[in-house]
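To start, the structure itself, in structure tokens.
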Amino acid sequence: MTSYLISDLHLDESRPQVTRAFFDFLRGPAAGAGALYILGDFFEVWIGDDDDAPLAAEVAAELSAYSGTGAELYLMHGNRDFLIGEDFAHRAGAILLPDPTTVTLAGQRVLLMHGDSLCTRDNEYMTFRQQARDPNWQRELLAKPLEERRAIAAQLRAVSKSMNSRKAEDIMDVTPEEVEKVMREQGVHTLIHGHTHRPARHAITVDGESAERIVLGDWGDLGWCVKADGDSLELIHWPIA
């Protein structure tokens, strides 16, 4: 059965064309698939499952309709939507996946990650990531009123954008040694992740054996997915109108 993997759609009210493209993807190429994996940063920002924004409800309804056809739907947290919880997953008919997760695709064991934890040279981000994934920090944030959370999210995005504009490109990419370490620990020769917005297929070596790192692209002018079918993994892109 065919499976699809996507990442980094950054769904947001300001980019309705990407939301439409995603819904078209569900009703088109992904229709009839056995499984769809969304590997983080599905939303540009997620302030909690109690978000009353129309986009959240619309996307949940579309996902529920899709999973209702019998397709298995999986969601992994990214650095933008790490607050997605079980309530939204239930409404969407999705299963939350831990990062990292190993699955069988195209007849092989494949490691799935969002990818941000691989960027270990970005010390500022890694410090924030540790804080943001702390359950106590998350509980305190989710206890705040919605409007306050929206303001905090907007401030965090502005700070992140400013900081990233001053960082060297290689700092914001994955650390090769960390990639090899994680793949070795998980006992895999194929890794699929997003986060970096640098779609490509990289031939690498892990403990002297051939391996591959497949990077999903972000959705903007193009849509990106990995199609797992039979014994093949294919990185695909198409224009978004």
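The values are calculated or read from the model by the stated rules, or taken from the named source; none is laboratory data. Computed from a prediction, not measured in an experiment: that's the story for all the values here. Note: ideal-geometry Cβ built from the backbone for every residue, glycine included; neighbour counts use all protein chains shown. The area values use the complete protein model at the heavy-atom level, side chains included, leaving out ligands, DNA and RNA. Shrake-Rupley method; radii C 1.70, N 1.55, O 1.52, S 1.80 Å.
Evaluated with a Cβ-only charge set (Lys, Arg +1; Asp, Glu -1), the chain carries a dipole of roughly 200 debye about its Cα centre, given to the nearest 20. Accessible area per residue was computed with a 1.4 Å probe on protein heavy atoms; residue 181 scores about 90 Å².
How large is Rg/Rh for the chain, to two decimals, with Cα atoms and a Kirkwood Rh?
Ratio of gyration radius to Kirkwood radius for the chain: 0.95.
In terms of overall dimensions, the C-alpha atoms belonging to region 130-176 reach 38, 21, 9 Å along their principal axes, ordered largest to smallest.
Debye-formula intensities of region 102-225, expressed as log10 I(q)/I(0) at q = 0.14, 0.23 Å⁻¹, are -0.76, -1.34 (one equal scatterer per alpha-carbon, no solvent).
I want to verify a result. In a Gaussian network model of the chain, Cα cutoff 10 Å, which of these has the top mean-square fluctuation: 41, 116, 49? For the chain, modelled as a Gaussian network with Cα springs under 10 Å, the answer is 49. Of the accessible area of the chain, computed with a 1.4 Å probe over protein heavy atoms only, carbon and sulfur atoms account for 51 percent. Quick one: pull the percentage of alpha-carbon pairs in region 1-135 with a separation above 20 Å. So the portion of pairs separated by more than 20 Å is 46 percent.
Once the Cα-Cα distance is subtracted from the 0.36 nm per residue extended length, the residue 185 to residue 62 segment shows a gain of 40.6 nm.
Heavy-atom accessible area with a 1.4 Å probe sorts 185, 124, largest first, into 185, 124. Rolling a 1.4 Å probe over the heavy atoms of the protein chains gives region 1-106 an accessible area of 37 Å² per residue. Checking the a/c ratio against 1.5 first, then a/b against b/c, what shape does the Cα gyration tensor give for region 198-241? It comes out oblate by the Cα gyration axes.
Write out the trypsin sites (Lys or Arg not before Pro) in region 103-169 meeting two conditions: DSSP loop, and at most 11 other Cβ atoms within 10 Å of their Cβ.
Details: sites: 109, 121, 129, 133, 139, 149, 150, 157, 161, 166, 167; in loops: 121, 133, 166, 167.
Hits after loop and neighbour filter: 166.
A 1.4 Å probe over all protein chains sorts 197, 90 by accessible area into 90, 197, starting with the largest.
Expressed as a whole number of Å, what is the distance separating the alpha-carbon centroids of region 154-194 and region 128-148? Using only Cα atoms to place each centre, the spacing works out to 22 Å. Here's the list of aspartates and glutamates a cross-link from residue 181 could span, going by alpha-carbon distance under 14 Å and ignoring same-chain residues fewer than 8 apart: 207, 209, 212. If a spin label sat at a point 7 angstrom from the Cα of residue 17 along the line to its beta carbon, the backbone N atoms of region 27-46 nearer than 18 Å would be those of 44. A convex hull fitted around the alpha carbon atoms of region 76-151 yields 115 Å³ per residue.
Candidate membrane-span-like segments in the chain, meaning DSSP H helices with Cα atoms spread over at least 24 Å of their own axis and a Kyte-Doolittle mean of -1.0 or above, are 146-164, with no membrane implied. If each Cα of region 45-104 is one equal point scatterer, what is log10 of I(q)/I(0) from the Debye formula at q = 0.14 Å⁻¹? The calculated log intensity ratios at q = 0.14 Å⁻¹ are -0.39. The relative contact order of the chain comes to 23 percent, based on Cα pairs under 8 Å that sit 6 or more residues apart. Rounded to the nearest 500, the 222 nm mean residue ellipticity of the chain from helices alone is -10500 deg cm²/dmol, with -39,500 (n - 2.57) taken per DSSP H run of at least 4 residues.
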